[in-house]
Amino acid sequence: MSRLYRWTEYRLVKLWDGRTSLTRPVCGLPAWSFGWAPEGLVTRRQLRAAGLCPGGADAYGVLVWYHDRSWAWLFRLDLAKPKRVPTPTQAGALDKAMATRRWCNACRRDVGYCASRTFGVCGECATLEQVAA
């Protein structure tokens, strides 16, 4: 048989804390199916929700789901660092940039949401332009 079955790819991997886990290699890193990753490994979104970031640490493994069509990097929770907090000057610059994005170029007003970057106008003006065309 030329095709290798998935069960032949699995192997035991020793984790950073001494535990062992059954895994298979993906991109040279250990990969776990959804719900099977060991404790202490989290995705980037889980880090962000906890107010943390990878802190320059490389990914430790890969989480795969939907028959290996979707994946996410896994990072060690013990190496994570707190997210950077923007300075008041940086926060002010971000507020100013977001206010610019909320501005409609056609009706010259703050529409309260980010106007379309494609058209540069709010939804009302875009609809009026489509009707006029």
Answer yes or no as to whether Gly55 is in the same structural domain as Leu12 (by TED's automatic domain parsing), farther than 30 Å from Glu9 by Cα and either in contact with a Gly (Cβ under 6 Å, 6 or more places away or on another chain) or loosely packed, with under 12 Cβ neighbours inside 10 Å (or both).
no
What are the residue pairs meeting all of these: first residue in the range 25-38, first residue closer than 10 Å to Leu74 by Cα and assigned by TED's automatic domain parsing to the domain that holds Trp71, second residue part of a strand (DSSP E or B) and among the basic types (Lys, Arg), Cβ atoms under 9 Å, and 6 or more apart or on different chains?
Pro30/Arg11; Pro30/Arg24; Ala31/Arg24; Trp32/Arg24
Name the residues in the range 21-37 that are surrounded by 12 or more Cβ atoms within 10 Å (Cβ to Cβ) and either touching an Asp or Glu at 6+ places or on another chain (Cβ under 8 Å) or part of a strand (DSSP E or B) (or both), would you?
Ser21, Thr23, Arg24, Pro25, Val26, Leu29, Pro30, Ala31, Trp32, Ser33
Return yes or no: is Ala106 in contact (Cβ under 8 Å) with a residue 12 or more places away in the chain and of a type in the set (Gly, Ala, Ser)?
yes
With under 28 Å from Val26 (Cα atoms) and of a type in the set (A, V, I, L, M) as the only criterion, which of Ala72, Ala99 stands out?
Ala72
Taking Tyr10 as the residue in question, decide whether it is of a type in the set (Phe, Trp, Tyr), within 17 Å of the chain's Cα centre (by Cα) and not assigned by TED's automatic domain parsing to the domain that holds Ala126.
no
May I ask you to list pairs of residues, at least six apart or on different chains, whose Cβ atoms are under 9 Å apart, with the first in the range 45-70 being polar (S, T, N, Q) and the second being part of a loop (DSSP other than H, G, I, E, B)?
Ser70/Phe34
Given the range 38-133, what helices (runs of 4 or more DSSP H) lie entirely inside it while holding 3 or more residues that are modelled with pLDDT of 95 or more?
44-49, 88-101
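The values are calculated or read from the model by the stated rules, or taken from the named source; none is laboratory data. Treat the numbers as computed from the prediction; the structure is a model and nothing was measured. Note that each Cβ is placed from the backbone with ideal geometry, even for glycine, and that neighbours are counted across all protein chains shown.
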